[in-house]
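See structure below.
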Amino acid sequence: MGTLPKATPLTHLLASTPQTHFPKRPINVEASSSKYRRDGRREFMFTAALAAPAAFEVAAAPNAIAEKWGTRSFIRERFFEPGLSPEDAAARIRQTAEGLHSMRPMLEAMSWKYVMYYIRLKQAYLSQDLKSAFALLPENRRNAYVKTANDLVENMLEFDSYIRTPKVYESYVYYEKTLKSLDDLVAMLA
């Protein structure tokens, strides 16, 4: 019994003959030749690539021109760029009203997370837009605008708090109040 390990026996045979269980296949000369075989697919793809932008240009142009703002650039728009003009702010308030009107299916499905995200994003934009759109109004309508804007902000805050809990009935009540005050505000700006 020494400290040296025992020698392990060689358990496999060394192959001295080449393995022949894979049949040899000849190399395809056509595939490696320098001739190019044309098929209609390449022509079709080229034609489709040229025609696609022309087809979508007509439909995409009005939307791209209409919106000068976006949700992805909120931080950049908020802190590093000047605010929107009063006309653009009024247009974004109208767009927010349309968006809140179309949010009812999300409330009915009780998708609280998405409703909360949407409401908070719109609250952040509305705080700027309400101040910017104030310049559009004549002097005699400004007090009513301020009162309606304050009601809108309070209703949206209550709506947000009831979504957070989530309390279904109160959420619907403050959703309707928010829509009413936002519609009143849009009517004042029209």
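Every number here is computed from the coordinates shown, using simple stated rules; none is lab data. Only a predicted model underlies this, so the values are computations on that prediction, with no experimental measurement involved. All Cβ positions, glycine included, derive from the backbone under ideal geometry; neighbour counts span all protein chains shown.
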Site R164, offset 7 angstrom along Cα→Cβ, radius 17 Å on amide nitrogen, limited to the range 82-110, gives none
Quick calc, S85 & L157: beta-carbon distance into FRET formula, R0 25 Å, rounding 0.05, result 0.40
The range 74-189: spread of alpha-carbon positions along the three principal axes, whole Å, largest first, is 40, 33, 20
Taking alpha-carbon centroids only, the range 128-190 lies from the range 99-113 a number of Å equal to 18
Residue separation between Q123 and A187 times 0.36 nm, minus their alpha-carbon distance, gives in nm 21.1 nm
Contour minus Cα-Cα span, S102 to E139, at 0.36 nm per residue, comes to 10.0 nm
